[in-house]
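The values are calculated or read from the model by the stated rules, or taken from the named source; none is laboratory data. Predicted model only: the values in this text are computed from it and were never measured. Cβ sites come from the backbone with ideal geometry, for glycine too, and all protein chains shown count toward neighbours.
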Amino acid sequence: MSVITLERASLRYGHILGLSPTTFEIKEGGGITGLLGPNGAGKSTLIQMISGLLRPSSGQVLLFDEPPFRNPNVLARIGLVPEGDRFPVGFRADRWLRMMGGLSGLKGIALSASVDSALEIVGMTTRSHLTFSAMSKGMRQRIRLAQALLHSPDLLILDEPFNGLDSEARTALMYMLRNLAKENVRVLVSSHILGEVALLTDQILLFFRGRLLAEGSVIEIRELMDRHPVELRLEADDSKAVAQWAVDYPDLVAIKMETNGAVLSVKNPRDFFQKLQSAVASGQLSIKSLDPLDMNLEAVFQYLTEDHG
Amino acid sequence: MISFHNLEVRYGATVALSGLNLSLEEGIIGLLGPNGSGKSTLIKTLMGLLKPYRGSGSVLGTPLEDDASFSLRSSIGYMPEYDALIEDVSAYEQVAFWGELSGLNREQARDRSHEVLFFAGIDEARYRNVSGYSTGMRQRVKLAQAIVHSPKLVFLDEPTNGLDPMGRRKMLELVKKVRDELGASVILASHLLEDVDRVSDQLLILDKGEVKAHGSMSSLRQVLSRCFELRFLEPLTPEQEARIAEIGTLRDNMNGMYDVELKEADAGIPFKWAESIGVVLVQVTPRHDRLDEILIRAISRPLN
Amino acid sequence: MRNIPSFVETICILFRGYLPRVFKARGWVLAFIIMVPFVIVHIFVILGVVPNPARLALELYHNGYASVVIPVIALVSASACISEDIEQRTLPLMLVRPAPAWALPIGKGLLWFSWCSTWLLIVVTLMQLVGMEVTTIPRKIIALVFTLWAQLGLVSLLGLIFKRGILWAGIVLFLWDPLVTLLPGTMQRLTFSHYLQSLAGGQYSINNMNSLLAQAQISTPFWLAATVLIAVGALAWALCGIKVMNMQIGLSGRESEG
Amino acid sequence: MPIYAPTLPPRPSIKPDKSPILVMARFDIVRIFRLKMGRFFGYVYFCVLLVKLVIIYVNYLLNTNPQLGQLKNFADQVMPQPAIFQASLLDSSMLFFLWLQVALVNGALISRDTLYRIRPLVYSHPVSQKDYLSSKALIAFGIPFCVQLPFILLPWLISILVAGSSGPVWVTAPLLLIPAAILNSTIMGSITLGASSLAGSPKASLGWIIGLLLMSSALGGILSGVFENFAWMAISPIALTESWSKILCGVEKTAIPFLPTAIATGIHVCLWLYIAKRRTLPSEAVI
């Protein structure tokens, strides 16, 4: 069984494309999947289809092997934190949470217990009696989060959860999501902030212009992009020695000297890293740092969107 | 440029800012602090919308106490956090309007509206109503209206909020240009530490209405000489992870990025170790203090 | 297997959940709208300045409550029902839960209906203080409450279907319904006023201006009128439920086209 | 041969030569004139005005043409009393549309700024609360006044042109009616401003205004019915606006006497302007 299966699922709003036919699968088991892409790339369309708010125009969306649209069996197992500062006016947060828990089929002691534990996870236990309008943006976001955790879902969908949170709350949220992932919850996070996604996710889905562009871990995706040689900065006291060692490497594309090191562009980086490590370990070469400049999420994102844009 | 002496601001009986003593130089000032730390009160005070309860302060050489702070607002630009755009008017017209309201005459305001919109990267769309703009364009229009009258001090409240990575990069470039080309000082309030880190010259950290730290970025950073960040080609198995103890102490593991304090400050050690247990290193970089660590130190409480 | 709330459970949950809301501003505004005309009239009756209280009570009931207060509270409370959730964009948060989506409109509607009905009950009962005949009071309560039920359903439905639904509903209730005095026999059966007056056993309120054109009033038997109003309300709520069940409502709040 | 890279313009010398009130008022006026709604009201006013002018001209013909002598006798009976006729230049049908228009147009003045959250930005410029409210009031009071003006002046001009000083419209009519128009527009302006500041969006403010007018009229109606004294209608702003022109033209038996009209006008204007002031404080502006 898989958590999410999309089979050529697409969505159009009238004539306007929301998401091109897309196929992918997320297997069962805990973990954090990042949804990346610029505005209008199809991320929130995907989220709306997965959470059963919109029906795909064509193709199939399956969650736990069932279509999610108004399907209570699926909906009982997912939690959604939508983007934007939306909240019911005039409600006390704890009462609202109780109602939402009730709508997910919790009752009595189980309901009270799950409301308390959800509030504790988001760190709002003492402030939950406030009304939404008396809360700050960040507090409301935490309540929306608690709302999604109430019924301990198997799939947690978060659309831009970090927006409006201060750095303290961001760190707390990331910590919490990692714990959930360890407890066999699949977390789907969409975010603009690449640094955070990189720290958080073990797998990314990259969307661009309504299309799924890449899927995998950052290093995996980066390795697939052989059009762009990997740039590495090697810092060393003796930059000449580094250069002399590097020119012997057959897949070296370019080399740029700096005052205390060199920037190398290499193809087939897997092989290069192995060779470099052996050279340093055996004392053949002495370096102070090794910094892959474009093996991070930001660079991957930039290359992919440039190549396909 | 900005100096406070024992400044205290209150809302009724609640103290929003207390005992502020500081002076800031020109440049880009990153304003950090958790929600409710007094950032917006500070901005209001600097714009003269709130009068100090006690103490004194001056902005751009104008004291905050007297009525001169009213005219001060024509040399200040403000970009609010939320979407403060007039939806049924074109970008060009509204930027001109804000310029005129700052005291430019009509013709000047119209010319400058064109110029700052070019600067902000709004081209033909400037004649269209703002209601159809994307988030990125909206942020640019908001920036344009904040600088149309060439202020000497610009407040940017979460300028990268809601932008995608490309949009954020461009916005931060614009912020730098505001400093370099306009010669204006910028106060940048943001929750995104990455952004503050990338452009700021100085930092001002607020918490619970008090200044927890201020000064230039370099003076606030601690040197961590023996710490390195290590990354590997393949994810480590738990057994391999356990063996990191052979070369030093593992301080943190952020999703495959290992923060290790080595026994000696030598980058060669991890390479030898990796070779010996058969994993491949991709990254070995000396670790420097991250902004979130500075922030934690300043407000002196753990984030989790 | 996880527990999935049934239709009745969902209604109870919503009722309980939103209950505190009626004790907030909007609830009290509704109570105020209902009570104020009576209170004012009552004060004057106490002061003894009213020559003919019995006539005044009837006038208050027909011209005040039947033709103005009921439509106003139907419009005000309908905008607190499901359309409020759409406007605040919180409806998606409820739709991603396993509770049956078609119970959402009526669950919230019932709450506001009960709140307003309670106040109507109180006010009509109290009307004996200003000279309303005691024996007619049950009929008069039933007439108001059933009409409110039907109107609330209709307003909610229009609000759900049309972008400016509440406005359309206002047109129906304030422009079409008063025309009842001018409509020929069978056409009168297409207005709420007709059933209300049939239940209450009274006359349409006749505006002086229109009296020249007034038509003879027809009447529908009590039980039939009651059935029609209940059925119209029930049908409207059911249609609301079907609409929500099939609505492609995205996170942006409004129904996404396509 | 330099390359002129696009840069920011140099800092201008800022010498405010114009009050921000005028800047804001002009900006709002431009936006209002773009609304399609304006054309609708334009047509309506044109038709109402045309009818009135035709009536005046017919009246003149009746007076001068001997062949129509018999008709004239009949018309004299049908035609209203002179003072009432003067007052009817600002009659209820025209005021009804005017109320509708101010509810739509003025209602949006402050509430639109609330909706788009413009006010913090306004106050971040050298603009005080007095400036802000004055600019809004200028429009809120100005629009109803400007609409009423042709209804007073055109019939008067026509009357003078066709019949000289003996025409159906008194030569002194504008002296009486323009103050009435000023009072009317003050009532309309302050109520719409107050309601607009209470509402969160232009739509809501239309609701507020209509609701307010309906409720106050209903209340006035109940009270005047109970007391059998029409003066209670002074609670309703609509009745107030209908009353002023009659009072000032000296209609003998006005529905609402002078004193209640004056008191109610004063209360309404003060109350609603105070509400508008409380709801637009600068210290609440920046979030």
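Things worth noting here:
- Residues of the range B:99-115 classified as within 7 Å of another protein chain (Cβ to nearest Cβ) and in contact with a helix residue (DSSP H, G or I) (Cβ under 6 Å, 6 or more places away or on another chain), total: 5
- Any hit, the range B:34-49, residues being touching a residue at least 12 places away in the same chain (Cβ under 8 Å), within 14 Å of chain A (Cβ to nearest Cβ) and touching a helix residue (DSSP H, G or I) at 6+ places or on another chain (Cβ under 7 Å): yes
- Only residues that are in contact (Cβ under 8 Å) with a residue 40 or more places away in the chain and more than 8 Å from chain C (Cβ to nearest Cβ) were counted in the range A:80-108, giving 5.
- Residue within the range A:62-78 that is at the interface with chain C (Cβ under 7 Å from one of its Cβ atoms), in contact (Cβ under 8 Å) with a residue 60 or more places away in the chain and closer than 17 Å to C:I13 by Cβ present: yes
- Among residues of the range B:4-34, those that are acidic (D, E) and either over 15 Å from the mean Cα position of the chain (by Cα) or assigned to a strand (DSSP E or B) (or both), counted: 2
- Counting only helices (runs of 4 or more DSSP H) that sit wholly inside the range C:1-76, those with at least 1 residues that are away from chain A (no Cβ under 14 Å) are C:25-47, C:53-59.
- Test: residue in the range D:244-261 that is surrounded by fewer than 21 Cβ atoms within 10 Å (Cβ to Cβ), assigned to a helix (DSSP H, G or I) and of a type in the set (G, A, S): no
- The listed residue being at pLDDT 85 or above and of a type in the set (G, A, S), out of A:S265, A:S217: A:S265
- Within the range A:112-127, being touching a residue at least 40 places away in the same chain (Cβ under 8 Å) and in a loop (DSSP other than H, G, I, E, B) holds for A:V122, A:G123.
- Meeting the requirement of 2 or more residues that are surrounded by fewer than 17 Cβ atoms within 10 Å (Cβ to Cβ), more than 9 Å from every other protein chain (Cβ to nearest Cβ) and of a type in the set (K, R), no strands (runs of 3 or more DSSP E) wholly within the range A:224-309 can be named.
- If only residues of the range B:158-171 that are more than 9 Å from every other protein chain (Cβ to nearest Cβ) and buried (at least 21 other Cβ atoms within 10 Å of the Cβ) are counted, the one that is farthest from D:P9 (Cα to Cα) is B:P159.
- Counting only strands (runs of 3 or more DSSP E) that fall entirely inside the range A:1-52 and contain at least 3 residues that are surrounded by fewer than 24 Cβ atoms within 10 Å (Cβ to Cβ) and away from every other protein chain (no Cβ under 14 Å), the qualifying elements are A:2-13, A:16-27.
- Taking the listed residues D:V122, D:V127, D:V102, the one that is on the phi < 0 side of the Ramachandran plot and more than 14 Å from chain B (Cβ to nearest Cβ) is D:V102, with no other qualifying.
- Qualifying residue in the range A:199-215 (condition: of a type in the set (G, A, S) and touching a Pro at 6+ places or on another chain (Cβ under 8 Å)): no
- C:E84 meets each of the listed conditions (1) within 14 Å of chain A (Cβ to nearest Cβ); (2) buried (at least 22 other Cβ atoms within 10 Å of the Cβ); (3) charged (D, E, K, R); (4) part of a helix (DSSP H, G or I) apart from (2).
- Qualifying residue in the range A:38-48 (condition: of a type in the set (S, T, N, Q) and over 20 Å from the mean Cα position of the chain (by Cα)): no
- The residue that is farthest from B:N253 (Cα to Cα), counting only those in the range A:176-199 that are facing chain B (nearest Cβ under 10 Å) and modelled with pLDDT of 85 or more, is A:M176.
- Going through (1) touching a residue at least 24 places away in the same chain (Cβ under 8 Å); (2) surrounded by fewer than 18 Cβ atoms within 10 Å (Cβ to Cβ); (3) closer than 30 Å to D:L115 by Cβ; (4) not aliphatic (A, V, I, L, M) one by one, D:H268 falls short only on (2).
- Any hit, the range A:166-178, residues being in a strand (DSSP E or B) and touching a strand residue (DSSP E or B) at 6+ places or on another chain (Cβ under 7 Å): no
For every residue, the table says whether it meets (1) touching a helix residue (DSSP H, G or I) at 6+ places or on another chain (Cβ under 7 Å); (2) surrounded by 18 or more Cβ atoms within 10 Å (Cβ to Cβ); (3) not assigned by TED's automatic domain parsing to the domain that holds B:R198.
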| site | (1), (2), (3) |
| --- | --- |
| B:E229 | no, yes, yes |
| B:P238 | no, no, yes |
| B:I244 | no, yes, yes |
| B:T249 | no, no, yes |
| B:A265 | no, no, yes |
| B:I277 | yes, no, yes |
| B:L281 | yes, yes, yes |
| B:I294 | yes, yes, yes |
| B:R297 | no, no, yes |
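- Exclusive hit being buried (at least 19 other Cβ atoms within 10 Å of the Cβ), among the hydrophobic types (A, V, I, L, M, F, W, C) and within 30 Å of C:V49 (Cα to Cα), set D:A173, D:A218: D:A218
- Out of D:L193, D:L206, one residue alone is within 14 Å of another protein chain (Cβ to nearest Cβ) and either assigned to a helix (DSSP H, G or I) or touching a helix residue (DSSP H, G or I) at 6+ places or on another chain (Cβ under 7 Å) (or both). It is D:L206.
- Search result, residues across the range A:137-165 that are assigned to a helix (DSSP H, G or I) and in contact with an Asp or Glu (Cβ under 8 Å, 6 or more places away or on another chain): A:K137, A:G138, A:R140, A:Q141
- Verdict on D:E228 being acidic (D, E) and away from every other protein chain (no Cβ under 12 Å): no
- Residues located in the range A:128-163, provided they are free of Cβ contacts under 8 Å to residues at least 40 places away in the same chain, more than 10 Å from every other protein chain (Cβ to nearest Cβ) and of a type in the set (S, T, N, Q): A:S128
- Of the listed requirements (1) within 11 Å of another protein chain (Cβ to nearest Cβ); (2) more than 23 Å from A:E231 (Cβ to Cβ); (3) basic (K, R); (4) not in a helix (DSSP H, G or I), B:K272 misses just one: (4).
- Qualifying residues in the range D:75-109 (those that are modelled with pLDDT under 75 and not in a helix (DSSP H, G or I)) - the one surrounded by the most Cβ atoms within 10 Å (Cβ to Cβ): D:M79
- Test result for D:S111, touching a Gly at 6+ places or on another chain (Cβ under 8 Å) and more than 30 Å from D:L177 (Cα to Cα): yes
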